[in-house]
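Shown next, in C-alpha cells, is the structure this report addresses.
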Amino acid sequence: MTSLEAHNLTVSYDRQPVLWNVDFEVPAGNLVGIIGPNGSGKTTLLKAAMGILPADSGYIRFFGKPIAEVRDRISYVPQRQSVDWDFPASVMDVCLMGRYRKGNLFGRLSQIDHEIAAEALHRVGMSEFARRQISELSGGQQQRVFIARSLAQQADMYLMDEPFAGIDASSEESILAILRELKSAGKTVVMVHHDLHTAIEFFDWIVLLNTRLVASGPKAEVLTEENLRSAYGGKLTLLSRVADLVKQQGFPLREKSTGD
Amino acid sequence: MNANLIWVLVGCILISTGASVVGCFTFLRKRSLAGDAVAHALLPGVALSFMIFEEKSLWVLFPGALLAGWFSLLSMEAITRYSKIKSDTAIAIVLSVFFAAGVVLLTRIQAMGIGTQSGLDAFLFGKAAAMLPVDIYLFIIVDTLLLLVIWAWYPYFKLYTFDRAFAASNGLPVRRIGFMLSTLTVVAIAMGIQAVGVVLMAALVITPAAAARFYSRSLGRMIALSATIGAVGAVFGVWVSYMAPAMPTGPWIVVMLSFIAVGSFVFAPRRGLWSRYIRLRNYQLKVTDENILKRLFHLQECLPGAFHSTFEIAEVRSFEALPMQRSLAKLLQNKAIEKSTGSYRLTPEGMVSAARVVRLHRLWELYLNKRMNLPLDHVHHDAETIEHIITPELEEALLKDLNYPLYDPHKSVIPGVMPPI
Amino acid sequence: MNDFWIILTGALVAINCGLLGVYLVLRKMTLIGDAISHAVLPGIVLAYLVAQSRSGPVVLLGAAVFGLITTFLIELFHKKLKLQADASIGITFTWLFAVGVIMVSALSGNVDLDQDCVLYGEIAYVPFDLIYIGEKSVGPVALWMQGGNLLATAVLIFWGYRGFFISSFDPGYASGLGIRTGVWHYVLMGMVSLTVVMSFNAVGAILVVAFLAVPPAAAYLLTKSLHTMMAVTVAFGVISAAGGFYLAQWLNASISGSMAVMAGLLFLSVFLFSLLKRYFRKGKNSQYHLDPKPL
C-alpha cells in the first residue's frame with residue numbers, strides 16, 4: 001500500500017520554485033529518508049504535504065486521500081528550532097498537545113487523553129520530566145518530547161523534519177529504537193534527514209531531492225554514485241536560471257487552467 | 001514672505017532631511033521600531049532638563065533628550081541580552097515606561113506651575129510655528145554635522161548596514177561604527193521632535209525610507225529620495241502650521257509622508273502594484289498571442305498553406321473570446337498572420353515566431369525529461385508556461401546543454417535548431 | 001470612595017490588558033498591540049461624534065473595528081507588498097494615529113476629547129461619571145465597562161485556552177492538525193482592539209501599551225507555566241494600579257502615567273532579581289558588558 005505520493009508537485013517560496021515537478025511514491029510500513037543538499041526543498045516538501053505551504057501545482061495524497069480527509073492519521077514533527085523553548089509550558093503540556101484535535105479544542109481533555117500522553121512520555125523515557133519546564137531540557141530531550149507528542153496522536157504516519165539534528169548520541173539511539181518499533185507496528189515514518197552517511201543505516205527507502213526528484217526507491221537502488229553526484233553535485237544551472245527568471249517576472253507558474 | 005516663516009521652513013527641512021537619511025540605515029537594519037521607542041523616551045529627558053534648568057530653549061533641552069535617548073537604547077539592549085524577553089517586548093516596555101515617566105514629569109511641572117508648561121506640550125505632537133530662530137541655529141549646526149559625518153563615513157556605514165559580519169571579518173571597527181550610527185540616530189530623532197513630536201517621530205524615520213526603497217535598491221539613491229520625501233512632508237507640515245496655528249504640525253507631516261509612501265507602493269516603476277499589474281497584463285497578452293501562433297503552427301504542420309477558422313484555433317485550447325479577438329487583431333497588424341474570408345494563416349514572419357515558441361516548448365520538454373528525469377506525460381504542462389519566458393540567452397544555453405537536438409521526447413521535430421558550424 | 005473607584009478601574013484596565021498581553025508577549029506581537037492601541041483613535045473620535053457623549057459603550061464597539069483594520073493593513077503591507085514587518089507596523093499606526101489627532105484637534109469644539117486625554121486619559125474623572133438606576137448610583141460608567149470587558153476577556157481566555165496555547169506555542173504543528181491559526185490570530189487581535197478601546201477613556205493610548213506589555217513581561221521572567229504567568233500578571237497589574245495611584249498623589253502628577261511607571265518599577269525589580277539569580281547560579285565567570293544594539 002502506498003502511504004504517501006506526490007504528483008507533479010511544484011512549490012514556490014518567495015515566488016521562486018523550490019520544488020519542481022516532484023513525483024514519487026512511498027510504500028507504507030517503512031522508514032523513509034528525504035535526503036538532499038541544503039536548499040533542495042526537503043523541508044518545503046514536508047510543509048507542502050501538511051498543507052502549511054500552498055503548492056503551485058500538483059498534489060499530495062496520503063493513503064490515497066487528500067490530507068484534509070486523513071489528518072487524524074498523520075502526525076507532523078517540525079524542526080526543533082521552529083519553536084521558542086522559553087515558552088512557559090511543561091513537558092506534559094507539550095505532550096498533551098498530541099491529543100488536541102480540530103474538533104475538541106473547546107472542551108476538556110479526558111482521562112484517557114491524559115493516560116495516552118503519559119504512556120507516550122514513558123515510551124520516550126521522559127516520564128520523570130513531566131512537570132519540568134521545557135526551557136530546562138537539552139536538545140535531545142526536547143526532541144524526545146516532540147516525538148512523545150506525536151506518539152500521543154496515535155497516528156499511522158509520521159512526518160519529521162530533521163529530528164536527529166544537534167542531539168546527543170543516547171537520545172539519537174532511543175529515538176531510533178522508537179522509530180523501529182513504529183515500523184514493526186506497521187506505521188510509516190517519513191523523515192527529512194541532514195546526514196547522508198547515517199541515512200544508509202537508518203532508512204529502508206530513500207527520496208533523493210535537489211529541487212527536482214533525483215531518485216526514489218529502496219536505499220540500495222537509490223544511493224548509487226551517479227544519483228549522488230546528480231543530487232549533491234550542485235544545482236542544475238539551467239534550472240536555477242529559469243527559476244530566477246520565474247521569480248523576477250513574478251508571474252504565476254501555471255497559466256489559468258485551460259483544460260489542456 | 002515672513003522672515004520667520006523662512007527660518008522655520010529651513011529648520012523643518014533640515015530636521016526631516018536628517019531624520020529621513022538616518023532612517024534609511026535604521027530601516028535597512030530592521031530597527032525602525034526601536035527608533036520609535038527612542039523617540040518616546042526623549043520626553044522624560046526633555047522634561048527633566050526643563051525641571052533642572054527651568055529653560056525652554058532647545059539648546060538646554062537637547063542634551064537631556066540625548067541622554068534619555070541613549071539610556072533607552074541601553075535599556076532595550078540590556079533587556080534582550082540579559083533575560084529571555086524578546087526584542088519586540090523590550091521595545092514596547094521601554095517605549096511605554098519611559099513615555100509614562102515623561103508624562104508624569106510633564107503633569108508634575110504643570111502642577112508645580114513652573115513657567116508655561118504648554119510650551120513643553122509642543123513636544124508631544126510638534127509645533128513648527130513655535131520654533132525660534134535660536135533653535136534653528138542648533139538645527140543647522142547639528143544637522144550639517146550629521147550629514148557631514150554620514151558623507152565622510154559613508155562606505156563604512158554602507159558595508160556595516162548590508163553585511164556586518166563581512167565588515168567585521170575585514171577588520172573594520174564594527175563596534176565603533178555601530179556606536180556612531182546609534183548616536184547619529186538618537187541625535188536625528190532628538191532634533192525632529194520639535195517639528196513632529198515624540199509620538200509620531202517614528203514616522204519620519206520609517207516612512208520616507210520605506211517609500212524610497214520601493215524606487216531603488218541602491219543605497220545612495222534611496223538616501224537621496226528619502227531625504228526629498230522627508231523635505232516635502234516637512235514643507236507641507238509647516239504650511240499647515242501657518243494656515244492653522246492651533247493645529248499641531250506632526251500629524252500633518254505624517255499624513256503627507258504616508259500619502260507619498262502609499263503612492264510609491266502603488267505607482268513606483270517596477271516594484272509598485274500598478275506597474276506589476278501592467279506587466280502581468282502584458283504578459284498575459286503575450287501568452288495569448290504566442291498560444292495562437294503555436295496553434296496555427298501545429299495546424300499547418302498537418303495542412304501546410306491552409307487557412308484555419310477561429311473555431312479550429314480555439315478547439316484544442318479554450319481561449320476566451322475577447323482576448324482571442326484582441327490577439328488576432330494585433331497579430332494581423334504585426335503581419336504575423338494573414339486573413340482571408342474569416343480564416344487565418346501564418347505569414348512567413350509569423351512562421352518564424354511560431355516556430356520559436358514551439359522550439360522553446362519542445363526544448364524545455366526535452367530538458368525536463370532528460371535532465372530532471374520527468375516522465376513523458378509530465379513535461380507538457382510545465383513547458384506550456386516556461387515556453388513564454390525563456391530568453392534568447394537561455395535558449396542558446398539550452399541548445400548547447402542538450403547538444404542541438406533534433407527531436408523532442410515525443411519524437412516530434414524541433415523546428416529551427418541550427419547547430420554552429 | 002473616589003480613590004477606591006479610581007484604583008479599581010485602573011486595576012481592571014491593567015488586568016484586562018495584562019491577560020491579553022500575555023498572549024501578545026508569547027506570540028511576539030506586542031508591537032502589533034502597540035500599533036492597535038494607537039490606530040483605534042480615529043475610530044474612537046468617530047464613535048464620540050456619533051454618540052455625542054463620552055460614555056457610549058456600544059458605539060465604542062464600532063471603534064474596535066479599527067483595530068481589526070490595522071491588523072489587516074499591516075498584513076497587507078507585509079505579505080502582499082513585501083514590506084518588512086517593522087515598517088508595515090510603523091507606517092500603518094503612525095498614519096492612523098495622525099489622522100486621529102487631526103480629527104481631535106479639528107473637532108475639539110464638538111467632541112469632548114482633547115489631545116492630552118488621548119495620550120494619557122482622564123482616570124481622575126472616572127468617579128464623577130456615574131450610572132444611576134433610579135436615584136442610586138451603581139458606580140462609575142468606566143468601572144462597569146471594564147467589568148464587562150473583563151467578563152468577555154475571561155470567557156474568551158477560558159474557552160479558547162487550548163486553542164491559544166497551541167497556536168502560540170507551535171503554529172506549524174497546529175496547522176498540521178487542521179487548526180485555523182489565522183482565525184485565532186484575528187480573534188485575539190479583535191479582543192485586543194476591544195480592550196484598548198474600552199480602556200482609552202481611562203488611561204489613553206500609550207499607557208494602554210504599558211499595561212499590555214509590562215506586567216506580562218515581568219511575569220514571563222518569573223513563571224514556568226501559562227496559568228501562573230496569567231495569575232502573576234493580574235497581581236502585578238493590581239499592584240501597579242494601587243501603587244501608581246499613591247505615587248501620583250505624592251508627586252501631584254498624572255495618575256495613569258504613574259500607574260505605568262509603577263509597572264515599570266515592578267518590572268525593573270523583577271528583572272534585576274532574575275539577573276542576580278542567574279549570576280549566582282552561573283558563578284562569577286560570566287562576561288557582562290553592555291553594548292546597545294546599534295540603530
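Derivation of every value follows stated rules applied to the coordinates shown; laboratory data play no part. Treat the numbers as computed from the prediction; the structure is a model and nothing was measured. Note: ideal-geometry Cβ built from the backbone for every residue, glycine included; neighbour counts use all protein chains shown.
Neighbouring Cβ atoms from other chains, within 10 Å of the Cβ of residues in B:310-322, number 1 on average.
Most tightly packed first, judged by the mean number of other beta-carbon atoms within 10 Å of their residues, the peptides B:10-21, A:68-79 read B:10-21, A:68-79. Straight-line cross-link reach from B:Lys339 at under 18 Å between alpha-carbon atoms covers these lysines, not counting any fewer than eight positions away in the same chain: B:Lys294, B:Lys330. Exceedance of the 25 Å cut-off in Cα-Cα distance is limited, within the set B:Lys370/B:Lys400; A:Lys42/A:Lys187; A:Lys47/C:Lys28; A:Lys235/B:Lys370; A:Lys42/A:Lys183; A:Lys65/B:Lys411, to A:Lys65/B:Lys411. For peptide A:84-97, the mean count of partner chain Cβ atoms within 10 Å of a residue's Cβ comes to 5. Annotation: peptides B:405-412, B:218-225, ranked by per-residue average of other Cβ atoms within 10 Å with the highest first, follow the order B:218-225, B:405-412. For chain A, the fraction of alpha-carbon pairs lying more than 36 Å apart is 16 percent, rounded to a whole number. Using only alpha carbons, segment B:88-215 has a radius of gyration to Kirkwood radius ratio (Rg to Rh) of 1.05.
Per residue of C:224-231, other chain Cβ atoms within 10 Å of the residue Cβ number 3 on average.
What's log10 of I(q)/I(0) for segment C:151-276 at q = 0.09, 0.12, 0.14, 0.23 Å⁻¹, Debye sum over Cα points only, no solvent? Relative scattering, expressed as log10 I(q)/I(0), comes to -0.31, -0.54, -0.72, -1.33. Give the Debye-formula value of log10 I(q)/I(0) at each listed q (0.17, 0.19, 0.25, 0.30 Å⁻¹), with one equal scatterer per alpha carbon of segment B:246-287, two decimals each. Debye intensities relative to I(0), on a log10 scale: -0.56, -0.62, -0.78, -0.90.
Stokes-Einstein, applied to the Kirkwood radius of chain B over Cα pairs at a viscosity of 1.567 mPa s and 4 °C, places its translational diffusion at 50 µm² s⁻¹.
The tail of the calculated P(r) for segment B:197-247, taken as Cα-Cα distances beyond 18 Å, holds 39 percent of the pairs. Summarised in one figure, the compactness ratio Rg/Rh of segment A:42-117, Cα atoms and Kirkwood Rh, is 1.02. Over 18 Å, how big is the tail of the calculated P(r) for segment B:1-115, in percent of all Cα pairs? Above the 18 Å cut-off, segment B:1-115 has 60 percent of its Cα pairs. Over all pairs of different C-alpha atoms in segment B:74-162, the reciprocal of the mean inverse distance, the Kirkwood hydrodynamic radius, equals 16.9 Å. Volume per residue for segment B:289-421 equals 118 cubic angstrom (convex hull of Cα atoms). Each residue of segment A:62-73 is assigned a 3J(HN,Hα), and the resulting list reads 10, 6, x, 10, x, 4, 4, 7, 10, 3, 4, 9 Hz, derived from the Karplus form 6.51 cos²θ - 1.76 cosθ + 1.60 (θ = phi - 60°), x at Gly and Pro. The share of Cα pairs per 5 Å bin across segment A:145-186, counted from zero up to the longest distance, runs 5, 20, 34, 26, 12, 3 percent.
Rg ratio for the protein assembly as shown: its Cα radius of gyration over 2.2 N^0.38 Å, N being its residue count, equals 1.07. Our compactness index for segment B:188-290, the C-alpha radius of gyration over the empirical 2.2 N^0.38 Å, is 1.36. Which of B:Phe99, B:Phe267, B:Phe53 ends up with the largest GNM mean-square fluctuation for chain B, with Cα atoms connected below 10 Å? The residue that fluctuates most here is B:Phe53.
What's the center-to-center distance, using Cα atoms, between segment B:67-134 and segment C:1-27 in Å? For segment B:67-134 versus segment C:1-27, the Cα centre distance is 22 Å. Enclosing the Cα atoms of segment B:124-196 in their convex hull gives a volume equal to 90 cubic angstrom per residue. With neighbours defined as other Cβ atoms within 10 Å of a residue's Cβ, the residues C:Cys117, B:Cys24, B:Cys302 order from fewest to most as B:Cys302, C:Cys117, B:Cys24. Shown here are the Rg and Dmax of the Cα trace of segment B:14-78, at 13.0, 39 Å.
Value of Rg to Rh for segment A:127-251, rounded to two decimals, is 1.07; Kirkwood radius and Rg both from alpha-carbon coordinates.
Sorted from greatest to least, the principal axis extents spanned by the alpha carbons of segment A:35-177 come out as 46, 38, 28 Å.
Computed over segment A:1-87, the P(r) curve from all C-alpha pair distances, binned at 10 Å from the origin, holds 16, 48, 31, 6, 0 percent per bin. Of interest is the spacing of the C-alpha centroids, which for segment B:318-351 and segment A:42-109 amounts to 52 Å. What are the aspartates and glutamates whose alpha-carbon lies under 14 Å from the alpha-carbon of C:Lys224, with same-chain residues fewer than 8 places away excluded? Output for C:Lys224: A:Asp84, A:Asp86, A:Asp93, A:Glu136.
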